[in-house]
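The values are calculated or read from the model by the stated rules, or taken from the named source; none is laboratory data. Keep in mind it's a predicted model, so treat the numbers as computed, not measured. Every residue, glycine as well, gets a Cβ built from its backbone with ideal geometry; the counts of neighbours run over all protein chains shown. Just so you know, the surface numbers come from the protein's heavy atoms only, side chains and all, with ligands and any DNA or RNA stripped out. Shrake-Rupley method; radii C 1.70, N 1.55, O 1.52, S 1.80 Å.
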Amino acid sequence: MATNGSFRKKCMAVVLALLLMQGAIFFFIRPTILFNNRFTRNQVNALLGSASPSPGRPVLDKGPPVSISKLSNYPHNHTPSTYVSIKLSNHHTPSTDLETVSGSLTTKQPPTSAPSTNYTLQPPDVRSYSNWKKGTFCEEYIGKTFTKELPVCSTANNQSSLTCVGSSVSTNMARCTARFLAVEPEKLRPVVTDCDTCNILNSGSFHLVQNNHSSCPEPSLRALQSNSEANDPLHRSIIDITSNPTVPRETCHTWVNKTAYFFSSQRYHIYFRLYSYYNLYKTLLDQGSVPGNYIVVRMSEASNYKFEDFERLLFPELKTLSELPEGRVCFREVVFSPWAYAAVMFRCKMERDTVSKCLGCEGRGKLGTSLMTFRTRALQACSLKDQTREHRESRTNKSIVFVKRKPYTRWNGDKLHNFQRVLSNQDEVVSNLKSHFPNAQVRDVFMEDLDLCEQMRLVHECDLYIGVHGAGLVHLWWLHDDAAVLELAPSNFSTNPSFKTLAKLTGRRYRFLSIPGNTYKVTVNVPAMMDVVKSLLYGKV
């Protein structure tokens, strides 16, 4: 009995010692704790003791489950020196930690240094205009594009929280960078559901963060307003930034330490969508961004947003506002890419003083321009690759793609009949193409019925691409070197050089055929059209 009693006392002593050791570990030593299991957000909050959250503390109360990859030195007084690395669990996010893939979406102490970027104006990456002749309009405008400083803050560029650049040729193009920027995704999402009419102004979505490295005293938007369109979400974002008070670092729930590129785009208009993508791509190129060192944030949050799968293939670093952590997200550096209307191809056709100069920039054979490297990247996103000329010439049959049109609207509020441009004799055109060119493969398609990569594949593999003036002709970008595009343009579009300009800058063969009619209904002269088709298929333009 004495032995049993002694044994019990020893066991109790051991248990007590273990309890004391556990208390010492958690309350005095506080070592790093590694969690490799999955937790619900409520469990995470319980681990962090978040019954009543404090400013600056991560609270994960909504959204998908999260995985805790590291919980280090989390003290009870919630000082800014703590951090929690989280991994959002959704089907778009790779299985590896976001910190190493698409941005430091981590709650940690604010950066101790400014971004490494030199904020004196730097020339764009040479790769983006290496094929344009040096010192020419084509190099300056089509290649470099953003060469003029647009001062916003009264401090020097390397000390400014906001810097913008514009074009020395056009007064409708700008790109801006913000350092130490706080973003409120919950406030921003409702005002960007349709970025045809983004209403960012006065939304309180953006704030500069108080820091020791940069500031923006006495901001002036005069230069920016004179060099960008008022409806550009970039323009409206900068106004919102300068209209709101700065916020303390301690109010940031999450710090993103990699450069973030913000862009916006229309919901489904393929012409403007691709031009927005090009602007984003060129921004990345000009900034010398290296994959893995940045993230891309799309501001458009429309419920019927199209082509998202392609978008994520084109920009694997993409995050939507909904995929950002909750609460106030603070970025070390944000670059705002301009919208589609600021694309150099669009400005070329919109501004009378530059149309003829742009048409003098022959892109044929210039594979190193940003227009052509973007083409390569877009094709690769769809697993497409240019064939050799020998391979193309070995094919026995030519391929013709004829795009048919349906009535459509370009954006919310647009009247359905405004831009139909539907051929009244579409079926006659198709039957004549098949009868006049029996050895050719003729495909007549409604592009909107196809997946975007399938649209691109059809055009990329064809020898002749035909369509009435409209957004779908932007696909001429993917034509191979020996292919051609035939634009059927109603008489009131005969002076619109949209696709002639794009064809010239990308070196694609182009032919224009004016047809009688207006924006509502048009009819093509079929015999005249067949003569043009024959010359394009078997002759030279």
Suppose R0 equals 25 Å. What FRET efficiency, 1/(1 + (r/R0)^6) with r the Cβ-Cβ distance, do GLN387 and LEU450 give to the nearest 0.05? 0.75
Report, by chain and number, residues whose modeled amide H sits under 5 Å from the one on SER514, excluding near sequence neighbours (fewer than 5 apart, same chain). ALA489
Amide H partners (placed H, <5 Å) of GLY368, local residues excluded: ASN131
Table column - 3J(HN,Hα) (Hz), segment 304-318, Karplus curve with 6.51, -1.76, 1.60, x for Gly and Pro: 9, 5, 9, 6, 5, 4, 5, 4, 6, 6, 6, 10, x, 7, 5
Short to long, in 5 Å steps from zero, the percent of alpha-carbon pairs of segment 258-323 per bin is 4, 16, 32, 28, 14, 6, 1
Give a quick list of GluC sites (Glu not before Pro) in segment 332-404 that DSSP marks as loop, anything other than H, G, I, E or B, with at most 16 other Cβ atoms within 10 Å. GLU351, GLU362
Among LYS134/LYS504; LYS282/LYS406; LYS133/LYS500; LYS319/LYS404; LYS306/LYS406; LYS306/LYS500, the pairs whose Cα-Cα distance exceeds 29 Å are LYS282/LYS406; LYS319/LYS404
Averaged per residue, the 1.4 Å probe accessible area of segment 355-500, protein heavy atoms only, in Å², is roughly 44
So who's got an amide H within less than 5 Å of the one on VAL256, skipping anything under 5 residues away but keeping other chains? H placed 1.01 Å off N, in plane. CYS330, PHE331, ARG332
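Figure the gain on full extension for SER431 and ASP353 (residue separation times 0.36 nm, minus the Cα-Cα span) and round it to one decimal in nm.
Once the chain is fully extended between SER431 and ASP353, it gains 23.8 nm.
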Hey, any idea what % of segment 211-327's accessible area is carbon plus sulfur with a 1.4 Å probe? 47
The ³J(HN,Hα) series, computed from each phi in segment 176-184 with the Karplus coefficients 6.51, -1.76 and 1.60 at θ = phi - 60°, rounded to the nearest Hz and given as x for glycine or proline, is 10, 10, 10, 10, 6, 10, 9, 10, 10
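Please figure out what share of the DSSP beta bridges in segment 464-541 is antiparallel and state it in percent, rounded to the nearest 5.
Just about 10 percent of them are antiparallel.
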SER514 versus ALA302, label points 7 Å from Cα toward the beta carbon: distance in nm? 3.3
Segment 453-541: trypsin sites (Lys or Arg not before Pro) in DSSP loop, at most 13 other beta carbons within 10 Å: LYS540
Within segment 155-301, percent of DSSP bridges classed antiparallel, to nearest 5: 55
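Over all distinct Cα pairs, what is the inverse of the mean 1/r for segment 212-345, reported as the Kirkwood hydrodynamic radius in Å? Let's see the in-between values first.
Details: mean 1/r = 0.0620 Å⁻¹.
Hydrodynamic radius (Kirkwood, Cα only) of segment 212-345 equals 16.1 Å.
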Karplus-derived 3J(HN,Hα) from phi for segment 237-244 (6.51 cos²θ - 1.76 cosθ + 1.60, θ = phi - 60°), whole Hz, x at Gly and Pro, runs 5, 5, 4, 5, 4, 6, 8, 9
Surface/4 estimate of mean projected area, convex hull on alpha-carbon atoms of segment 352-412, nm²: 8.3
What whole-number value in Å² describes the accessible area per residue of segment 271-349 for a 1.4 Å probe? 24
